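Student: The structure that follows is given in the form of structure tokens.
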Amino acid sequence: MSDNFTLSDDRPSEECGVVAISAPDQVASKLAFFAAYALQHRGQEAAGIAVADGRAVRLHKGQGLVSQVFKPSKLDPLVGPYAIAHTRYSTTGSNSERNVQPYVVETLEGPLGLAHNGNLVNADDLRNELLENGAGLQSSSDSEVLALMLAGAEGKSWEERLAKVMPRWTGAVSLVVITSNKILAARDPWGFRPLIYGKLPTAGWAVASETGALETIGCTDMTEVKPGELLVIEGNDLRRHQIIETKEPQARCTFEHIYFARPDAVWDDLSVHTARQSLGEELAREHPAEADVVIPVPDSSTPAAIGYARVLGVPYNEGFVKNRYIGRTFIEPTDELRKQGVALKFNTLSENLKGKRVVMVDDSIVRGTTSGQLVDLVRAAGAVEVHMRVTCPPIAHPCFFGVDMGSYEELIANKLGVPEINDHIGTDSLGFLSVERMMKALGRDDGYCNACFTGSYPVPVQLNLLTTKQRFDGVIE
């Protein structure tokens, strides 16, 4: 058995969330704490905050949830008007203290801290170059590679150094940087991962992976950091620089709308909640079903199930009660409980299912390990038919840009067609939303990365490197 147990292995997993705060005359660490807390869904295994007071950078980080890592005794000493924060997810086996962010290093130009969301496809080449030049790497994370490259770059200022090294980074990079007296924030020219900034209610600015985190700390005038753009924030002063030409077409991750982002998020000028309802509506038009009730697999599929039911004219209802506190645990269940699988996470509302033809709406099927157990639960509750509808196309290809999709050999849609997946999970019918309908629901013709569905990657990747031992932080361990 592995050293930790997860009930979410049949979902794509986001790597992390990032936060940066410039708050004159305030304790930035507390603002960073609450913003990171609002991004807890993006990473539940580790958290860290680094602060600067104009002279030094102080850091505290550790494994666990934000509220577990930052008790008052740990948060109170982190004093200063600048802060960056990070919440981390990693695949089983690669989560360790050495990979927790932010990374803080001492340089000839003063202290430097960095936190990063994304994944570099050329991380191995850059790592080897650093090692050949005598760098001492402490972790297996590509985020440390970014920090050391920036620390060693030439330039008269940190913004000049970042502008020098960033064109060498291929892949998904949404990062925040702290020095003794300023904040930097930047995004790769493809725009894979989200990064938003907003104005704090009194003075200063904040940057975060989602609008909801900024709203939590009272931000207004929220704007997306453009692909290839660098923000330099000193106190209440914010400067924007386009340091790399934006790549066209852009490559925003479609899964932010499908699954990752909180439903209250706004990204690419789209409400995530509205987008998910539209995905469900298009799914109903493409794959209708004769049914008595439509239920979601909570929580991200709830808006889609509402949209699906509305178009079909079939009642929407709750079919599952979700235990929201069991997602990942380091305590192994008994063999009997492990066999029950999702029964540890979901219970059914039999009064809404018994004797009915049920449409179960879910956001994705990755490895196929959970879907069949959900179907069994619904049948055990008395459903006479179970039809599954999925708000994205079959995931047949791995992701190299910061999302844990698994390897080719782990992806059920890479091995089986839709009829075979239907037989495997035991549904009466199965329907996936097509790429065309998915993009119609988002109201976009391009500008999104759909490589996990199509196999068409926006930048070249080394497919031969991806095995079942691939670690989410970009290296083979």
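We did not get these values from a lab; they are worked out from the coordinates using the rules stated. This is a predicted model, so every value here is computed, not measured. Note that each Cβ is placed from the backbone with ideal geometry, even for glycine, and that neighbours are counted across all protein chains shown.
Student: May I ask you to order 99-111, 208-220 by the average number of other C-beta atoms within 10 Å around their residues, highest value first?
Tutor: 208-220, 99-111
Student: A follow-up question, please. Report, to the nearest 10°, how far helix 371-380 tilts away from the longest principal axis of the Cα atoms in the chain, using its own Cα long axis and a range of 0 to 90°.
Tutor: Taking the Cα atoms of the chain, the angle to 371-380 is about 40 degrees.
Student: Here's a follow-up. Which stretch or stretches of the stretch 349-366 have amide N atoms under 14 Å from the point lying 7 Å from residue 318's Cα along the Cα→Cβ direction?
Tutor: In the stretch 349-366, the label zone of residue 318 (backbone N under 14 Å from the point 7 Å along Cα→Cβ) covers 349-353.
Student: Fewest to most neighbouring Cβ within 10 Å: what's the order for 461, 79, 294?
Tutor: Least crowded to most crowded, the residues run 79, 461, 294.
Student: Follow-up. Restricting the count to DSSP beta bridges whose residues both fall in the chain, what percent are antiparallel, rounded to a multiple of 5?
Tutor: Of all bridge pairs located within the chain, approximately 80 percent are antiparallel.
Student: May I ask which of 61/164; 74/226; 322/356; 30/345; 182/247 have a Cα-Cα span longer than 23 Å here?
Tutor: Table pairs above 23 Å Cα-Cα are 61/164; 74/226; 30/345; 182/247.
Student: Could you give the distance between the Cα centres of the stretch 354-374 and the stretch 144-167, to the whole Å?
Tutor: Comparing the Cα centres of the stretch 354-374 and the stretch 144-167, I get a distance of 47 Å.
Student: Note the angle between two axes, namely the Cα long axis of helix 272-286 and the longest principal axis of the Cα atoms of the chain, as a number of degrees from 0 to 90, rounded to the nearest 10.
Tutor: 30 degrees
Student: How big is the C-alpha Rg of the stretch 266-457 next to the rule-of-thumb value 2.2 N^0.38 Å, as a ratio?
Tutor: 1.02
Student: Based on the Cα atoms of the chain, what semi-axes does the equivalent ellipsoid have, where each is the square root of 5 times one gyration tensor eigenvalue, given in whole Å with the largest first?
Tutor: 39, 22, 22
Student: Between beta-carbons, use under 12 Å as the cut-off and find the net charge around residue 165, counting Lys and Arg +1, Asp and Glu -1.
Tutor: Taking every Cβ under 12 Å from that of residue 165, the sum is -1.
Student: From the alpha carbon gyration tensor of the stretch 49-179, can you work out the equivalent ellipsoid semi-axes (sqrt of 5 times each eigenvalue) and give them in Å, largest to smallest?
Tutor: 24, 19, 12
Student: Taking only the alpha-carbon atoms of the stretch 5-251, what semi-axes of the equivalent ellipsoid follow from 5 times the gyration tensor eigenvalues under a square root, in whole Å, largest first?
Tutor: 23, 22, 19
Student: With runs of 4+ DSSP H residues as the only contributors, calculate the mean residue ellipticity of the chain at 222 nm using -39,500 (n - 2.57) per run, divided by the residue total and rounded to the nearest 500.
Tutor: Computed ellipticity for the chain at 222 nm equals -6500 deg cm²/dmol.
Student: Oh, and also: Using a 10 Å cut-off around each Cβ, can you sort 257, 241, 287, 86 from fewest to most neighbouring Cβ atoms?
Tutor: Listing 257, 241, 287, 86 from fewest to most nearby Cβ atoms yields 241, 287, 257, 86.
Student: Which angle from 0 to 90°, rounded to the nearest 10, does the C-alpha axis of helix 302-312 make with the longest principal axis of the chain?
Tutor: Relative to the chain, helix 302-312 is tipped by roughly 40 degrees.
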